[in-house]
Amino acid sequence: MNDPRPGVPLAGQTIAAARRSLASHLRGHGLESPDLEARLLIGAALQLDLTGLVRHAERTLTAAEADGLEAMVRRRLAGEPIARIIGSQEFWGLDFALSAETLVPRPDTETLIDAALELIPAGRGGAALRIADLGTGTGAILLALLSEWPAAVGIATDLSLDALHTARGNARRLGLAERAHFVACDYASALAPGFDLIASNPPYIPAAEIGTLAVEVRDHDPRRALDGGDDGLDAYRRIAPQAAALLRAGGLVLLEVGQGQSDAVAELLEQAGLTIDQSPRHDLGGIARVVIGRKP
């Protein structure tokens, strides 16, 4: 492992100088966003937000601070995602704490939030919608929707008690705990009917392909949140009939899918008795990312 110190010890450097040095060092290792990552790492090491980093730019790092920062840089250069190192990730403008049992929320999933807001515009007003987020992880989908729909309530499920603990903590920090409830079960198996919207970003990577994923995902995201079985569709086979049974008439199910899976997932929803009256929503990379079903 290369020494993360950029030529001179970080101890004794000012925050501004250390930030520049680390950005240059990360850039030299081929990271795509070295300036952003340097800021995030220094901010996490010193427990300073962007305003604090600017305000204290000329303060010098102590030896202990430099050692802690260099340890974080070594973890990053070994392939650990920066969100894991700092312990949180922004999603939909909200900050979500992570744990070992949760995926890092990704921008692709914001396609699902966009679709929900487009399809249920009344949710922005006074409609008391009931939402279910299946396999919630950090709670990102449910909590993002509750932040947009002030009268909505929701239930988030997960098999992992650790993930549910993390999601519940995120709900408290975001001021949404009174409208968010958390249940340990397999997708929707413990829920009763009456939902207006069911959403999920389930595991969809074919088991044989997990070893080919980027190290940031393969070695650091929980396998249970990645492994979709032999063809990547196991979760959808469970969710489709559950959604058909739990949705109100006219209710929607929105499912994030992997590349090339949209037609197969749409067919599973139709086999469960749901209709596909909306085209899949595409993410910023042009991939069909969200499949939409409706209960007749």
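Looking across segment 175-191, the residues that are touching a Gly at 6+ places or on another chain (Cβ under 9 Å), in contact (Cβ under 8 Å) with a residue 40 or more places away in the chain and more than 21 Å from G228 (Cα to Cα) come down to A180, F182. Return the total of residues in segment 193-211 being within 20 Å of E110 (Cβ to Cβ) and small (G, A, S). Residues meeting the conditions: 2.
Looking only at segment 186-223, residues that are over 18 Å from R130 (Cα atoms) and among the hydrophobic types (A, V, I, L, M, F, W, C) come to 8 in all. Which residues, taken from segment 46-79, are in contact (Cβ under 8 Å) with a residue 60 or more places away in the chain, open to solvent by less than 30 Å² (accessible area, probe 1.4 Å) and part of a loop (DSSP other than H, G, I, E, B)? Within segment 46-79, just G79 meets the criteria.
Conditions tested, residue by residue: (1) more than 29 Å from G87 (Cβ to Cβ); (2) surrounded by 19 or more Cβ atoms within 10 Å (Cβ to Cβ); (3) at pLDDT 95 or above.
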{"residue": "A184", "(1), (2), (3)": "no, no, yes"}
{"residue": "P241", "(1), (2), (3)": "yes, no, yes"}
{"residue": "A249", "(1), (2), (3)": "yes, no, yes"}
{"residue": "K295", "(1), (2), (3)": "yes, yes, yes"}
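The condition of being without any contact (Cβ under 8 Å) to a residue 60 or more places away in the chain, within 29 Å of R76 (Cβ to Cβ) and of a type in the set (F, W, Y) holds for only one of Y204, Y236, that being Y204.
From the list E209, E216, exactly one residue is farther than 24 Å from K295 by Cα and at pLDDT below 95. Which is it? Criteria check complete, one pass: E216.
Every condition in (1) touching a helix residue (DSSP H, G or I) at 6+ places or on another chain (Cβ under 9 Å); (2) on the phi > 0 side of the Ramachandran plot holds for G260 except the one numbered (1).
Just one residue in the set T102, T136, T157 is surrounded by 24 or more Cβ atoms within 10 Å (Cβ to Cβ), over 14 Å from the mean Cα position of the chain (by Cα) and within 17 Å of P222 (Cβ to Cβ); that residue is T157. The set of residues in segment 251-273 that are assigned to a helix (DSSP H, G or I) and open to solvent by 10 Å² or more (accessible area, probe 1.4 Å) comprises S262, D263, A264, A266, E267, L268, E270, Q271.
For segment 120-136, the set of residues classified as farther than 17 Å from R179 by Cα and at pLDDT 95 or above consists of G135 only.
Scanning segment 80-91 for residues that are part of a helix (DSSP H, G or I) and open to solvent by less than 50 Å² (accessible area, probe 1.4 Å) yields I82, A83, R84, I85. For segment 20-45, a residue qualifies if it is surrounded by fewer than 19 Cβ atoms within 10 Å (Cβ to Cβ) and among the aliphatic types (A, V, I, L, M), and the qualifying residues are L31, L36, A44. Do we find that A245 is touching a Leu at 6+ places or on another chain (Cβ under 8 Å) and either at pLDDT 95 or above or open to solvent by less than 40 Å² (accessible area, probe 1.4 Å) (or both) in this structure? Judged against the criteria, A245 is not a match.
Within segment 264-281, residues that are on the phi > 0 side of the Ramachandran plot have Cβ atoms under 8 Å from residues that are open to solvent by 80 Å² or more (accessible area, probe 1.4 Å) in these pairs: G273/P296, counting only partners at least 6 apart in sequence or on another chain.
The values are calculated or read from the model by the stated rules, or taken from the named source; none is laboratory data. These numbers come from a predicted model, not from an experiment. So basically every Cβ, Gly included, is an ideal-geometry build from the backbone, and we count neighbours across all protein chains shown. Note: areas computed on protein heavy atoms with side chains; ligands, DNA, RNA excluded. Shrake-Rupley method; radii C 1.70, N 1.55, O 1.52, S 1.80 Å.
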